[in-house]
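Participant: This structure is in structure tokens; I'll ask about it shortly.
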């Protein structure tokens with residue numbers, strides 16, 4: 001589908017260029033003022049020369065920008081890999097600490113959670129909040 005779309009765009013642009021070339025085939029004089037050079041050429045050549053100069057002028061800028069973006073992307077990928085490794089190391093460390101917890105320590109931690117409610121208030125066996133005095 002994308003290839004078909006590209007071919008259609010190319011054919012449309014080619015038809016427009018051919019139409020402009022046929023419509024502007026009259027000779028014009030192109031003169032360069034500081035240097036006494038004058039050329040007689042069809043008008044569409046003048047347009048094509050302008051497009052070519054534009055492409056040549058933009059090409060180095062686009063190349064440098066692409067190079068800088070690729071370098072920035074490579075740094076970001078390295079940072080992502082470093083952070084992923086750090087995350088994996090922390091997960092492994094957390095799993096190791098969980099394995100070291102003894103069952104009685106876990107029961108004590110659960111009991112602590114049941115007895116303390118929001119903002120340090122104490123809850124009783126009926127789970128009603130008792131305000132501190």
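The values are calculated or read from the model by the stated rules, or taken from the named source; none is laboratory data. Just so you know, these numbers come straight off a predicted model, no measurement behind them. When we count neighbours, we look across all protein chains shown, and the Cβ atoms used for this are built from the backbone with ideal geometry, even at glycine.
Participant: Could you tell me how many of the residues in the stretch 23-48 are in contact with a strand residue (DSSP E or B) (Cβ under 8 Å, 6 or more places away or on another chain) and in contact (Cβ under 8 Å) with a residue 12 or more places away in the chain?
Facilitator: 11
One line per residue, one yes/no per condition, for (1) surrounded by 10 or more Cβ atoms within 10 Å (Cβ to Cβ); (2) modelled with pLDDT of 90 or more; (3) closer than 30 Å to residue 23 by Cβ; (4) under 19 Å from the mean Cα position of the chain (by Cα):
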site: 45; (1), (2), (3), (4): yes, no, yes, no
site: 60; (1), (2), (3), (4): no, yes, no, no
site: 73; (1), (2), (3), (4): yes, yes, no, yes
site: 77; (1), (2), (3), (4): yes, yes, no, yes
site: 87; (1), (2), (3), (4): yes, yes, no, no
